[in-house]
Amino acid sequence: MRGRIPMSQTDPLYPDGEPKLAVDGPVRTIVLHENACLIRSGEDLTDTGETERCFYMEQVEPMLQAGMQFLCDEGAAIGCFESRYMRVLDERNRPTDRTFGMSWWRDLSALEEWAAGHPSHLKIYGSGMKHLSTFGPETRLRLYHEVTVPAANEQRFVYVGCHDRTGLLRAFG
């Protein structure tokens, strides 16, 4: 992931500063610190056949859901400010065969540490590798990761009348 972020070649991208919360009546605005990290990681089963789809739904998806739930419920302790796992809806608001997780992290190193060694991610990764090795070149499952490290002045999260566990407000618990 770092290899695709040019700035990381000369900068370790450690967090610089602290997240800031401004309150104006019912409006709360958050600006994260420099080098906070956003990852969007997705899965697309649209082109899979029945056998591959069943394998994924029974072997991989439960591990993915559990890992995403861990980040949502307990991620703050390891540097994950906020995480959510979503299913893409079509134009008629019906569920599709595409899902993605999106989470904000303290920095790249916190995300890397979770990915490299946390049991929740190791289960996701292991089940994903089992899926890919089972179906080999016939795999029709599509996976992707998008990672960005926006500057602090490129982020602004505005919450109006939201409860304290909404999105990044959780970071200020």
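The values are calculated or read from the model by the stated rules, or taken from the named source; none is laboratory data. These numbers were taken from a predicted model, which means no experiment stands behind them. Glycine gets a Cβ as well: all are built from the backbone with ideal geometry, and neighbour counts include every protein chain shown.
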Name the residue, out of E112, E50, that is farther than 20 Å from H145 by Cβ, of a type in the set (D, E, K, R) and out of contact with any strand residue (DSSP E or B) (no Cβ under 8 Å at 6 or more places or on another chain).
-> E50
Kindly check whether there is at least one residue in the stretch 75-88 that is over 17 Å from E154 (Cβ atoms), of a type outside the set (A, V, I, L, M, F, W, C), in contact with a Pro (Cβ under 6 Å, 6 or more places away or on another chain) and not in a loop (DSSP other than H, G, I, E, B).
-> yes
The condition of being over 20 Å from P119 (Cβ atoms) and either among the charged types (D, E, K, R) or crowded, with 16+ Cβ neighbours inside 10 Å (or both) holds, among I5, I30, only for I30
Just need a number here: residues in the stretch 147-156 that are more than 24 Å from R98 (Cβ to Cβ) and loosely packed, with under 13 Cβ neighbours inside 10 Å.
-> 4
Scan of the stretch 115-141 for residues that are touching a residue at least 60 places away in the same chain (Cβ under 8 Å) and either assigned to a loop (DSSP other than H, G, I, E, B) or on the phi > 0 side of the Ramachandran plot (or both), ordered by number = T139, R140, L141
Given the conditions (1) farther than 30 Å from E138 by Cα; (2) of a type in the set (S, T, Y); (3) touching a residue at least 12 places away in the same chain (Cβ under 8 Å), and given that Y85 satisfies all but one, which numbered condition is not satisfied?
-> (1)
Can you name the strands (runs of 3 or more DSSP E) wholly within the stretch 1-54 that have at least 3 residues being under 26 Å from S109 (Cβ atoms)?
-> 37-44
Residues that are under 16 Å from the mean Cα position of the chain (by Cα) and either hydroxyl-bearing (S, T, Y) or at pLDDT below 95 (or both), drawn from the stretch 113-141 | S120, Y125
What number of residues within the stretch 59-103 are in contact with an Asp or Glu (Cβ under 6 Å, 6 or more places away or on another chain) and crowded, with 19+ Cβ neighbours inside 10 Å?
-> 1
Just need a number here: residues in the stretch 97-151 that are more than 18 Å from D44 (Cβ to Cβ) and charged (D, E, K, R).
-> 6
Out of Y144, Y159, which single residue is surrounded by 16 or more Cβ atoms within 10 Å (Cβ to Cβ), modelled with pLDDT of 95 or more and part of a strand (DSSP E or B)?
-> Y159
Output for Cβ contacts, cut-off 7 Å, separation at least six or different chains, first residue more than 18 Å from P15 (Cα to Cα) in the stretch 149-173, second at pLDDT 95 or above and basic (K, R), reads Y159/R28; L169/R28
